[in-house]
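Below: the structure, in structure tokens.
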Amino acid sequence: MIELIKFELGKIFSKKSVWILILAVLWAGISLVTSQHTMLKFYGIDGVKEKQKILAPYEGEVITKESIKKLDDYHRIIRKKEKPSKEEFLKSEEMSFDYTVDIDPAYIVDNQEYKEAEMRAQLDKLKKEGKTDTFEYKNLEYIHNLVKERGIPTYHQKMSWSYSTDFEQISTFLSTLVALGIATIFSNDYQSKVASIVLSSKNGKNKLIKAKIISAAIFSTIIFIISNLSFLIYTAIENFNSYNEPLHLLRYLEATPFNITILQFYIRALAINFMGLILFTLLAMLVSLFVKNNMIATIITLVVYQAPTFICDFMPTEALYKIFRQLNISELMGVKPMFRNTDTYNIFGNPVLYSKLLITIALISIPIVLYMTVHFGKKQTL
């Protein structure tokens, strides 16, 4: 079995396209670090420690609408200067990124946007109208309970986390690598005309199928580690600054329904991203079983990942649009929207965050797709 696994892994890693994309992932992480280092040097800043020391006096500063406007005006003034000082550059560029957050975000409830105060007002209105048993009230109350105790936003140096948690970009790399490396794992046997030998051999429909599944899982694990570590380099060099701050202080995640820290979010996101990758790998293998042409198998695999995002725009109802837009493999692997949005589904009269529903569907789907891969793998015919 071990020799079969090594053989299948060798076939996957022998593809030049796979190595080119892996190198591209590594370059994406390294280039950001080098570009940041070059920029700091240009303004006379001697590395990350000096940068953090200059911005340290602003750590914990309360963010208000007035302070955001003041910093925004400062940013416009500094941009006109030919060569700003160290502090001017850092304050107008890096500090501005983390400082300019939505301090009173709108939350989506039943396709409507509510500020926290507006939710309270609507709940009082529904209570007076005697509608506390309705799904509208339950849903609004559910979201309000999740977000009502948010603390006052404060400034912290956390820009690097916005890059390291860009799972949507990471998943673009991962899905393409799976399409290039895994989507031909069965079809290549037919296209290279060795299927007749493989299927007639002693282990062709048993051990070899298991070896292909294990090698695909190993490949996916390797590219998962490489991709996420490449994107984590920037944050590691920044000494994982602000890892213990609330997630809602992270730019673009202000409206998150989860009261967790940035580090807790990152760990959960890694687990979900990996879960989505394994499911997509199994789906790619299933496609490869039924499509006996490498090019078509690769294209279909990519379509499986991308199609729901395009199809949703043609859905005749809002409900179908929502299902196709949210409950798909790219949303699962992209992770971040699941922590950013407060959309819910009515499950037996109770509101359930779509992130929890999507994770549940994925956990149920993985053993089903795995079984189908083994089942149809053993029934291969020429």
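The figures follow:
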read-out: In sequence order, calculated HN-Hα J values of the range 263-279 (Karplus, 6.51, -1.76, 1.60; Hz; x Gly/Pro); value: 5, 4, 4, 5, 5, 5, 5, 4, 5, 5, 4, 5, 4, x, 5, 5, 4
read-out: Computed accessible area, residue 133, all protein chains, 1.4 angstrom probe, square angstrom; value: 130
read-out: At R0 = 45 Å, FRET efficiency that the Cβ-Cβ distance of residue 348 and residue 152 yields, to 0.05; value: 0.75
read-out: Karplus (6.51, -1.76, 1.60) ³J(HN,Hα), θ = phi - 60°, over the range 233-240, in Hz, Gly and Pro reported as x; value: 3, 4, 5, 4, 5, 7, 6, 6
read-out: Surface share of carbon and sulfur [accessible, 1.4 angstrom probe, percent] for the range 232-382; value: 70
read-out: Rel. contact order, % - alpha carbon contacts under 8 angstrom, at least six apart, the chain; value: 23
read-out: Sites residue 26 and residue 239 - FRET efficiency at Förster radius 25 Å, r taken between beta-carbons, to 0.05; value: 0.70
read-out: Amide proton proximity set for residue 154, modelled H, under 5 Å, gap of 5+; value: 63
read-out: Gained length - residue 378 relative to residue 80, 0.36 nm times residue gap less alpha-carbon distance; value: 100.5 nm
read-out: Residue with peak Gaussian network fluctuation, the chain [Cα springs, cutoff 10 Å], from 357, 320, 174; value: 320
read-out: Computed label-point distance, nm, for sites residue 67 and residue 115 using a 7 Å Cα→Cβ extension; value: 1.9
read-out: Portion, in percent, of the accessible area of the range 4-49 that falls on carbon or sulfur, probe 1.4 Å; value: 75
read-out: Portion, in percent, of the accessible area of the range 100-180 that falls on carbon or sulfur, probe 1.4 Å; value: 48
read-out: Percent of alpha-carbon pairs separated by more than 19 Å within the range 253-382; value: 57
read-out: Whole-Hz ³J(HN,Hα) from phi, Karplus 6.51 cos²θ - 1.76 cosθ + 1.60, for the range 243-248, glycine and proline x; value: 4, 9, 7, x, 4, 5
read-out: Per-residue [θ]222 nm for the chain (sum of -39500 (n - 2.57) over DSSP H runs n ≥ 4, rounded to 500); value: -21500 deg cm²/dmol
read-out: Residue-normalised accessible area of the chain, given per residue in Å² at a 1.4 Å probe; value: 50
read-out: In degrees, nearest ten, helix 16-42 long axis to first principal axis of the chain (Cα); value: 20
read-out: Under 5 Å, built H, 5+ apart or other chain: amide partners of residue 107; value: 114, 115
read-out: For the chain, convex hull of alpha carbons as volume per residue, Å³; value: 166
read-out: Folded to 0 to 90 degrees: helix 65-79 orientation relative to the chain principal axis, Cα; value: 80
read-out: Rounded tilt (10° steps) of 116-128 against the dominant C-alpha axis of the chain; value: 90
read-out: Span from the the range 353-377 Cα centroid across to the the range 50-95 one, whole angstrom; value: 47
read-out: Inter-site label distance for residue 317 and residue 42 at 7 Å from Cα along Cβ, in nm; value: 5.4
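The values are calculated or read from the model by the stated rules, or taken from the named source; none is laboratory data. Source: prediction; values computed, not measured. Neighbour counts are summed over all protein chains in view; Cβ atoms, including those assigned to glycine, are modelled from backbone coordinates with ideal geometry. For accessibility, only protein heavy atoms count, side chains too; no ligands or nucleic acids. Shrake-Rupley method; radii C 1.70, N 1.55, O 1.52, S 1.80 Å.
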